[in-house]
Amino acid sequence: MKYQNAVLVCFSGGQDSTTCLFWALKHFSQVEAVCFTYGQKHSLEIEVARKIAEDASVPFYLLDVSLIGQLAPSSLTDSSIEIDKEKPAGNYPNTFVPGRNMVFLTFAAIMARSKNIFHLVTGVSEADYSGYPDCRDTFIRSLNVTLNLAMDEQFVLHTPLMNRDKSEVWELSDQLGVFDLVRTQTLTCYNGVIAGGCGECPACKLRRDGLDTYLKRKNNQ
C-alpha cells in the first residue's frame, strides 16, 4: 500500500534508518529526512546521512539536540568512556543514551507538524540485541499517544523494523533493491568506520552476524 501523503524519517545514515528511508520511499508519495546531532563522538554519520538522502533526492534537515549528550553522557558521546564490548549482565550497555529516541521523535513531530506531515518513521527494533527501553513497541505506542495529546494532532509513528532481527533487516534492504547501498555506504559502527566498520564494537558484530545469517539463508533457498 502506498500512502498518498508525506512522511518524515528519523535518519542517521546507518543500516536501520537507511533501510527505513527506502521503505518510506516505497510506501509514501513524499519523503523527507531529519538527522540529529546529539554530541556523538564522530560527526561522519551526519555527512553519510546527508549524502544518502541527497542521492535519493530526499530533502534533508539537521537538528542540534546536543544537550542530551551533556545531560546523559554515554560511550557514544564521551570519549573518556570506553565502549562496552559485551552487554553487562542485568544492565544496559554504556552505549545507551537515555531519552534519545524520545527526544528525536518529539523534535521530529514538532518539525513535521510545521510542514503538515503527520507520519513519522523510526528504525527502532525490539529484536535488536541491546534491549534499550526506548526501542520497545510499548514505548513507541505510548509516545504516539502522548504526541497526539500534546499537539492535538493525529501522528502515526511507523516502525518497519520493530520485529525484525538484523538478518531480516538485511533481507528487507535486498527486497527494496538497496542491499549494496546499505552494505557499502552506511555507517553503523560506534567507532565511525563506514560499511563493514571496525569489526570489534557491538554494532559491527551485530551487523556482520546478521549479514552472515541472511546470506546463508539466501544461498540455501
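The values are calculated or read from the model by the stated rules, or taken from the named source; none is laboratory data. Note that the coordinates shown come from a computational prediction; the quantities given were computed from them, not determined experimentally. Here the Cβ positions follow ideal geometry from the backbone for every residue, glycine too, while neighbour counts run over all protein chains shown. The accessibility values were calculated without ligands, DNA or RNA, using every heavy atom of the protein model including side chains. Shrake-Rupley method; radii C 1.70, N 1.55, O 1.52, S 1.80 Å.
Overview of values
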quantity: Out-of-range pairs (alpha-carbon distance over 27 Å; input Lys115/Lys166; Lys41/Lys216; Lys26/Lys218; Lys26/Lys205; Lys51/Lys218); calculated: Lys115/Lys166; Lys41/Lys216; Lys26/Lys205; Lys51/Lys218
quantity: Candidates Ala112, Ala24, Ala150: whichever shows maximal mean-square fluctuation once the chain is modelled as a Gaussian network with Cα springs under 10 Å; calculated: Ala150
quantity: For region 1-56, convex hull of alpha carbons as volume per residue, Å³; calculated: 66 Å³
quantity: The chain - mean residue ellipticity at 222 nm from DSSP helices (-39,500 (n - 2.57) per run, n ≥ 4, rounded to 500); calculated: -13500 deg cm²/dmol
quantity: Per residue, in Å², the accessible surface of region 128-221 once ligands and nucleic acids are set aside, probe 1.4 Å; calculated: 50 Å²
quantity: Three-way shape call for region 29-86 based on the alpha-carbon gyration tensor, with the a/c threshold at 1.5; calculated: prolate
quantity: Cut-off 14 Å between beta-carbons: net charge of the residues surrounding Phe60, Lys and Arg +1, Asp and Glu -1; calculated: -2
quantity: Net charge dipole size for the chain [Lys, Arg +1 and Asp, Glu -1 on Cβ; Debye, nearest 20]; calculated: 320 debye
quantity: Estimated inter-spin distance, Glu153 and Gln185, nm [label 7 Å along Cα→Cβ]; calculated: 2.9 nm
quantity: Contact order normalised by residue count of region 125-193, Cα under 8 Å, 6+ apart, percent; calculated: 30 percent
quantity: Gaussian network model of the chain, Cα within-10 Å springs - most flexible of Leu187, Leu62, Leu206; calculated: Leu62
quantity: Projected label distance in nm at Leu44 and Ser80, using a 7 Å step from Cα toward the beta-carbon; calculated: 2.5 nm
quantity: Convex hull (Cα only) mean projected area of the chain, reported in nm² to one decimal; calculated: 12.1 nm²
